[in-house]
Structures are given as C-alpha cells and as structure tokens.
Amino acid sequence: MNHNSIHCILPPDLLQSVARDASEAQAKAILRTLEIDHSFRLTRAEVSARRAVSGPQAAAPTVGGKPHRSIYDQKHSTQTSPGTLVRSEGDKPVADASVNAAYDNFGFTYQMYWEVFARDSIDGHGMPIKGLVHFGTDYDNAFWDGKDAMFFGDGDGQLLTDTTKGLDVIGHELTHGVTQYEANLTYSGQSGALNESISDVFGSLVKQYHLGQTADQADWLIGADIVGKQLAPALRSMKAPGTANAHDNQPADMTGFVHTTADSGGVHTNSGIPNHAFYVVATTIGGSAWKDAGSIWYKSLADPGLKPNATFASFASITLHQARVQFGTNSSQAQAVEAGWEAVKVPLK
C-alpha cells in the first residue's frame, strides 16, 4: 500500500461510482480524470517516502506576513510543469476569473494561517505558493501535488464546476502540504482519514475566518461553492456526515466505520468521523472555531507525539493533552474535546 497518495478533493471511488451511471460523454471525462489522478499517485508516494527517510527539510527563516503567489495557465493541458505565468505576487487582477480566484483564495488561506497560527506559508518558512489553473479538459478535481503546486480543474459542470472558486477547497488542499511538513501522516487507513479530516477542518476554518463566522453561523460544508448539480449541495458535511449529497457515504461515528481497500482504505469516507468530532468540539466551545478549537487541532498536528501511522484514538489523546496544556485540565475546552470524541465513539486513552 502506498505510503502516501495524490490528495484530490474528489475521491476515486466516488468518481467510479458516478461513471457507472453516467452518459458516454461524462463517463469519458470522468475516466480522463481518473487516469490523470492515477498518474500522480506514484509521484506523491515517492515524494512522501523521501521526506519520511530524510526528515523535515530545513529552510531559511523569513520575516513572514506576506504570501508569494504565482498563478499559471495550463491551457487545458495535463503537463505538470507550470504553463504560462499569468499573475505574480502584487500584480493587479487579470481578465481570467479563475486566475484571480486562485490568487485571492491563496491569499485568504495564507492570511488565516499567518494571523491565527503565525505560520508562514505551507512549510512555515515562506514557501512560494503556485497555482496551475485550467488543468486538463473537463477535469473534475483539484489537488496538491506534494511538492510545490496546486492544480485546478475547470470541472465538467455536472460533478464539479471551476475548482478555483472554493476557498475551503483551496484551504483543504494547501493544508495537505502543511500536514506533510508537520506529521507526514501515512495516506491509508485511519492515518489517511486523519490526513483528509485535518484538511477539511482547516479548509473550513479558512472560510469561517474570511467570512467572520462563529461556529454556530458556519454551514460546516466542504465544497459547496464548486459542486455541480450531481453533487449538490456539497462534497461533505462536518455537521452531519453522510448527508452532503446523494453519493455521500461518510459515517458520523465508529459504529459506521467502513472497512475497504478502495480509496487507500476509505480515507475520504472515514474522515467523516474525526470531522464530526471537531464540529462537536468547536460548537461546544462556541465563538470563533479557529481560536480555541483550531489552536488545539493545530498544535496537535505539530505535536512530536503524532506519528505517521496515527490512529483516531492516538490523535484524540493528543488533542485532549493539548487542550489541557493550553487551557487547563478541567477547562471547558478540555471537556469539549472529551465530548467531541465521545460523540463519535473514539475512546480516549
């Protein structure tokens, strides 16, 4: 089983499920997407394996506080090297809406990480952020390539629309990079589902921070701004896993945990369990989710005790430890963490 895999917003098992009942034209578009996704998997696994062997890469310290964005137009090709540079850091908006959306949403994602967690970009040391838009033809996905870039498909209009429009999606994908630099969670089984869940958590927090929403005001949906009619109203729901769309089979607690060999052991499916735990924690604490709940999750991600093969239970224990360290053993925040994991039936050690 691969140590890691391509981090797409749409899982392969969902694409395969839709393709079985799709029209000939849509089925061809989905198969093209699956072929492209598959071509990146070995590369992602190799990059992650090298990082696991060599350890975290040292980087020169930076002042921080400002992103370094570059947006390239792939012109519907599937080449993995950057295409035509269209907009660089500080440039004015251009005529291409996708270019501007990627640029802006990268900026909002950087802003949340910097202002809330004092993190300077993906690696914590000012790593440049590259966006490659108009990737492929009718490409139904967006992904972080595991090295230095995010790729955006335009969608086929039925499953997905322009993926640059989803702020939570961009927050999700770039958080895969953050996770890679911090814990390098193995992309299979429970550690892979944690990897996906952490991206959903911080993708949602990026959107909430930008909109100034409290935990109670947020919709806790992932991908609502990029889905077509076949996946409406969203890709996933952290509030109510399994209800986001007609194909959503996420369990909300461990009684529904899915044992499968598909999608690297159900990483996009079982991520609903820790997703819902965070939702319960954040809404139990109340107020702005990026503050106390977000701080607990962020420091848990950076905790040296979080190993690449972490389970839900081991991560849960780390979050409780972090809550107690930050806010006190008997604090309301620690009690909220206990309530969150109890709600999804994950035992705390």
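Scanning the stretch 120-142 for residues that are among the small types (Gly, Ala, Ser) and surrounded by fewer than 23 Cβ atoms within 10 Å (Cβ to Cβ) yields 124, 126, 136. Close contacts from the stretch 270-297, counting a first residue that is under 18 Å from residue 252 (Cβ atoms) and a second that is surrounded by 24 or more Cβ atoms within 10 Å (Cβ to Cβ) and of a type in the set (Lys, Arg), with Cβ to Cβ under 8 Å and a gap of 6+ residues or different chains, come to 271/236; 272/236; 275/236. For the stretch 102-146, taking the residues that are part of a helix (DSSP H, G or I) and aliphatic (A, V, I, L, M), the one that is nearest to residue 91 (Cα to Cα) is identified as 102. Here residue 84 clears all of (1) under 30 Å from residue 22 (Cβ atoms); (2) of a type outside the set (Asp, Glu); (3) modelled with pLDDT of 95 or more except the condition numbered (1).
Among the listed residues 230, 217, identify the single one that is out of contact with any Gly (no Cβ under 8 Å at 6 or more places or on another chain), over 30 Å from residue 313 (Cα atoms) and either buried (at least 24 other Cβ atoms within 10 Å of the Cβ) or of a type in the set (S, T, N, Q) (or both). Walk me through how you get there before you give the answer.
On the way: 217 fails: over 30 Å from residue 313 (Cα atoms).
So the residue among 230, 217 that is out of contact with any Gly (no Cβ under 8 Å at 6 or more places or on another chain), over 30 Å from residue 313 (Cα atoms) and either buried (at least 24 other Cβ atoms within 10 Å of the Cβ) or of a type in the set (S, T, N, Q) (or both) is 230.
So, in the stretch 72-85, of the ones that are free of Cβ contacts under 8 Å to residues at least 40 places away in the same chain and outside any loop (DSSP other than H, G, I, E, B), which residue ends up nearest to residue 171 (Cα to Cα)?
To start, the set of residues in the stretch 72-85 that are free of Cβ contacts under 8 Å to residues at least 40 places away in the same chain comprises 79, 81, 84-85.
Those left that are additionally outside any loop (DSSP other than H, G, I, E, B): 84-85.
On the way: 84: 24, 85: 22 Å.
Only one residue tops the list, namely 85.
Give 122, 129, 170, 71 a once-over and let me know the one that is aliphatic (A, V, I, L, M), farther than 30 Å from residue 291 by Cβ and modelled with pLDDT of 95 or more. When all the criteria are applied, what remains is 71. Checking residue 210 against (1) assigned to a helix (DSSP H, G or I); (2) buried (at least 23 other Cβ atoms within 10 Å of the Cβ); (3) touching a helix residue (DSSP H, G or I) at 6+ places or on another chain (Cβ under 9 Å): exactly one of these is not met. Which one? Of the numbered conditions (1) assigned to a helix (DSSP H, G or I); (2) buried (at least 23 other Cβ atoms within 10 Å of the Cβ); (3) touching a helix residue (DSSP H, G or I) at 6+ places or on another chain (Cβ under 9 Å), the odd one out for residue 210 is (2).
The values are calculated or read from the model by the stated rules, or taken from the named source; none is laboratory data. Worth saying up front: this structure is predicted, and the values here are computed from it rather than measured. Glycine gets a Cβ as well: all are built from the backbone with ideal geometry, and neighbour counts include every protein chain shown.
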